[in-house]
Amino acid sequence: MDVLQRTEAAIGLRSWYRWLYADGSPGFEAAVATNEYWALLQSRLSIDSRELRLYCLAILKLTLERLPNTNLNIELPCFKYEAANREDYRAGYETYITFFKAAVLDRYSNQVEEVVSELQSSPVVHYVPQSWFLVLFSSVLMPSTGIQENVRKTIGSAVLNNRIVTATFDSYYLDFLVRAFLPWSTQGFHFTTNALRKEGSGIRCMHGELLESYLAKKISALATESGPPAFVEACLQFILDRGPKLFPYAAMHVLHGVLAGLNALRQSCLELTHVDLAVQVSQRNGLPEAARDVCHQFCFDICQYSKYFPRKTVQLLRSDIAQESERDLATGSPTFTAPADKDGPTLKYLLDALIQSKFTCLKNRGLSNACNHARAVLSKSATPDPSQLHKVFDAIWNEIEIRDYPKGALMDVPSLFFHPSSVTLATLETDLRHFLAGILQNLHTLVEGRVYVLAPLTSSLRRACLAVPSTIDILPVEDFVVRFALRPPETRSEFMLEWVAATIHQEYNADKGYSYYYGKSRSYGYACFYDMLNRWPMLGRDAARRIIQRIVEPWEKQKLPVPIVSKWKNSAQLHVVLLLCESLLGRSDGTTSGNLIHQLLVILSVEPLPRYRFLLEWMITRFYLRDPNAQRHHVLTELANNDQSNPKYLASMLKIASMVARLPDSPESYMFALMTRLVVLSSSPKIVIRHESQWALPPLWDHAVAKKWKSVVDNPAFEALVSYIQTLPKYSDPPRERVYERFDPIEDHSLATLFQGNYLKAEPSEGQILGRQDFIDVWTDDAANDESSAVVEFPPAVVPLGTPPTTPSVPQPLPVEAPSQPPVPFTPSLAPFQTKSSTLSLPLQDLVPDASTFQPTHPVILIASLIDAPQNLGGLSRAAEIFGCESLQIPSLSVLSQNAFTSVSVSSHLHIPIAALPPAELPIFFAQKKSEGYIIVGVEQTDRSLVLGREGAELPKKCVLVMGAERTGIPGEVLVWCDVCVEVPQVGVTRSLNVQTAGSVVLFEYLRQWGERGESGVAGG
């Protein structure tokens, strides 16, 4: 609608409203009794204009105000009204107006959520026809609207999940389906990687399945004979009308939903027009291979529900279209065909055929035939001519480039180009060597965009390297490994959707899953790559050292402060380094080992991410275990250093020392020296160091007891400290992160732990790229490949396979069932919406009391005497007032006039008693309050602090909450006055919360335990 049309519509709506407002309103009863009156109002309400919509809502409201003056009973498609229940109907429509304003005009996310919640339970749906709600939903979902995407998602998801019921099937619903719902639900952003879930060997699209389920339920619920055909026609016509604008994979899910609905109905209800539409949909271009086949399958299965279209004809038509591509391949120039020669295939025959046909024999199937012929030549015992082989390879690759890298050829040529015989011949022919080196780089580039090439490439390169160790000198294998580690091939979202299509197709045709279209999976390709590195010693230690240095150098040169997440870093880099380090253990001189350990320690000292630190600690511990040149006493020297400025590094050294002390060949003296140092560190002021020391002591003690080391087990100080630690709740109920980081450098040293270990679950978690089974599949294929097993004896693996890691049990909260409640009778009032942004119409002094008349809600005194920053004091003032504290104590009242304080406190300091309490006067204050029955509670992290939210962490009803200073916390001279200390549970790596945030959390927990009026259990305490 252009500007002129909107102006005309506005003038008309204003006139309409004035007509209603005028006394008498001639023709009012006749007008409202017609469906056109209400349909026109709905159509204008659908226009994307705030002004016009406000007019329409005003007209609707005024019309409802006029209706009680009549005795009309109206039953129309667009409007219902009964004079006997006029108040209920009026309240229902007024509620609808509130809903519309909240969702379409105001657009606050929290209000829209409340609208959705109310629509599920509000009786308004019984009084307002569905067409009005379809107008509301359409106004939100239609692509042309300027509504924020989060609001559209809230409404659209509610419809999609049937949280908002649209039960009636009529022309209004079909219009909503085609104009609003399907355009929104088929947009490409719904089908991103966030909507995909790996399940077994397949991938599911969660949004696509929701869309399928919604459409299927709608079709299967249609009771009328004309309902299903109309619904199916609307969906098919929508796909055709959208054409290339429709996200390709969305059509697949729409068709699947339609088919599922028809399968549930089991009725032949479609006409020939539907068959024609389905055939047109099946002939759409631009779909990838698997999605195209799935759409063909669904379209023809839909045709089987036609009244007049025989099933046999459908099957024949499907067969014709499926064979269309086969006929295309069979036409054109003559293709290369291998001869039936008793002497077997020869390279000269293939080269002569290429020259005589001017390379046209590679067209169509000729390319695949030529690759098979050349591969058969290489598998013969006779040695072919390297120069002829180079010419054949060059012709094949040129044809692949001309065809723009067809999928089948890219999956086929790695095993040909990197056949062990090809690599061996490359030592005799410089041109062939350069060609293969270039091909490896080109294929690696293609892998980064076409992940299905990964498995053929890495499996072929692995076989070449292990069969011909000199391959690493012939081909740029080092560059390949480094590039792979720096940028591991990832599956693009569009390819993952193709994987989804293959998964769906396999449900209908068991033989046509992912492997039918794309061969081995990405995880199989990763397994081939890492298995090659795991057998590297045969390939050369110098190359391993060079690769390690190229990967490690950027990590070593990171500038402080190092961000927790960096785009250029990934776990694959450390996986490669770990496997190659294993190939060097015990096989390098002392200088090399020492340099590597030093580099890893430097990285460990600055790296913040727990997952990377875990792998670094693993590597360093393995050096101390396997390499005789590694000096284990260096770890104790680091721990003896009193410099605790880098607590994370010292905590990692504690972990490493604990693992080293429990190695089979570690002496008793090492254990005793470590235990002695841990006694000191277990009382460190640094929380990370203190906790890590306490965690390390019990396992070390158990190891000493098993070894019967008297110097340790007969030490009463060790025994007492270990006994105390074992009684702590955090030891019997360890946090999730502690459970995930458990590691034994001997038992857990395996490929299964490296790629499936629980350390990957530590936040921020990382998805599993391959698993133990992938390595088993690779080795099984080795055994099944007669060619490989007869010629190649692969070197042993350095890191064992290992057993599947067990998932640690982490306590989970029990689900809480909501108590059943009797149905609530309908009342005109609506559940309150958030009105924080609204302007108060009453004077502020009429709404809130001043501090002189303040009545405390809870017997809680908040102590902020140790805090200096005005903004933090302002935040605590706000929290204390909001949560109803008795008073707030601060070091000086002069801060109340500072802008930094008032900008945060707003006006809270005017409504709560605030007194000056300097730190020096705290002991006197505490003594007085204790005599009055108050309990002093310090908010501080100590080894005895109760963790709020856990069992037994109950705040006293009458309490004085003491907040610590911004950086140093609660000093010892104040801590001694505290009867108990509490702390806020944390799962992140940041040391602590800001003091005003921590205070707010503790006050909320108090409110939760003691209720709004100080009565225990009111709010779930």
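Quick one: in segment 145-178, of everything that is among the charged types (D, E, K, R) and open to solvent by 60 Å² or more (accessible area, probe 1.4 Å), which residue is modelled with the lowest pLDDT?
Here is the first cut: in segment 145-178, the residues among the charged types (D, E, K, R) are 149, 152-153, 163, 170, 175.
This time we only want the ones that are open to solvent by 60 Å² or more (accessible area, probe 1.4 Å), so: 149, 153, 163, 175.
On the way: Glu149: 85, Lys153: 90, Arg163: 79, Asp175: 91.
Across segment 145-178, the extreme among qualifying residues is Arg163.
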Item to complete: Taking Val377 as the residue in question, decide whether it is at pLDDT 65 or above and either open to solvent by less than 20 Å² (accessible area, probe 1.4 Å) or over 45 Å from the mean Cα position of the chain (by Cα) (or both).
Response: yes
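Do we find that Ser887 is hydroxyl-bearing (Ser, Thr, Tyr), touching a strand residue (DSSP E or B) at 6+ places or on another chain (Cβ under 6 Å) and at pLDDT 90 or above in this structure? Give the steps one after another, and end with the answer.
Working: hydroxyl-bearing (Ser, Thr, Tyr): yes; touching a strand residue (DSSP E or B) at 6+ places or on another chain (Cβ under 6 Å): yes; at pLDDT 90 or above: yes.
The answer is yes for Ser887.
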Practice prompt. Would you check if Lys245 is within 19 Å of Glu498 (Cα to Cα) and open to solvent by 10 Å² or more (accessible area, probe 1.4 Å)?
Written response: yes
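Sort out which residues of segment 680-701 are outside any helix (DSSP H, G or I) and open to solvent by 40 Å² or more (accessible area, probe 1.4 Å), and write them in order of number.
Of all residues in segment 680-701, those outside any helix (DSSP H, G or I) come to 682-686.
Within segment 680-701, Ser683, Pro685, Lys686 meet the criteria.
Among the residues of segment 72-126, what is the count of those that are small (Gly, Ala, Ser), closer than 26 Å to Ser171 by Cα and modelled with pLDDT of 85 or more?
2
Do we have any residue at all in segment 967-978 that's under 30 Å from the mean Cα position of the chain (by Cα), open to solvent by 60 Å² or more (accessible area, probe 1.4 Å), more than 20 Å from Pro729 (Cβ to Cβ) and among the β-branched types (Val, Ile, Thr)? Walk me through it before giving the result.
Of the residues in segment 967-978, the ones under 30 Å from the mean Cα position of the chain (by Cα) are none.
Within segment 967-978, none of the residues are under 30 Å from the mean Cα position of the chain (by Cα), open to solvent by 60 Å² or more (accessible area, probe 1.4 Å), more than 20 Å from Pro729 (Cβ to Cβ) and among the β-branched types (Val, Ile, Thr).
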Worksheet, complete the sentence: The number of residues in segment 878-891 that are touching a Pro at 6+ places or on another chain (Cβ under 6 Å) and open to solvent by 20 Å² or more (accessible area, probe 1.4 Å) is 2
Item to complete: Determine which single condition Ile203 fails, assuming it passes every other condition in (1) in contact with a strand residue (DSSP E or B) (Cβ under 7 Å, 6 or more places away or on another chain); (2) assigned to a helix (DSSP H, G or I).
Response: (2)
Worksheet item: Taking segment 977-1004 as the region of interest, how many residues are touching a helix residue (DSSP H, G or I) at 6+ places or on another chain (Cβ under 9 Å) and part of a loop (DSSP other than H, G, I, E, B)?
Response: 10
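Every residue, every condition in (1) open to solvent by less than 40 Å² (accessible area, probe 1.4 Å); (2) touching a Pro at 6+ places or on another chain (Cβ under 9 Å); (3) among the small types (Gly, Ala, Ser), yes or no:
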residue: Asn872; (1), (2), (3): yes, no, no
residue: Leu876; (1), (2), (3): yes, no, no
residue: Leu893; (1), (2), (3): no, no, no
residue: Phe901; (1), (2), (3): yes, yes, no
residue: Ala920; (1), (2), (3): no, no, yes
residue: Gln928; (1), (2), (3): no, no, no
residue: Glu932; (1), (2), (3): no, no, no
Worksheet item: For segment 250-269, how many residues meet the condition of being open to solvent by less than 20 Å² (accessible area, probe 1.4 Å) and small (Gly, Ala, Ser)?
Response: 4
Worksheet item: For Arg677, which of the numbered conditions (1) under 40 Å from the mean Cα position of the chain (by Cα); (2) of a type in the set (D, E, K, R); (3) in a helix (DSSP H, G or I) fails to hold?
Response: (1)
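The values are calculated or read from the model by the stated rules, or taken from the named source; none is laboratory data. Computed from a predicted structure; not experimentally measured. Cβ atoms come from the backbone with ideal geometry, glycine included; neighbour counts cover every protein chain shown. Ligands, DNA and RNA are excluded from the accessible area calculation, which covers all protein heavy atoms including side chains. Shrake-Rupley method; radii C 1.70, N 1.55, O 1.52, S 1.80 Å.
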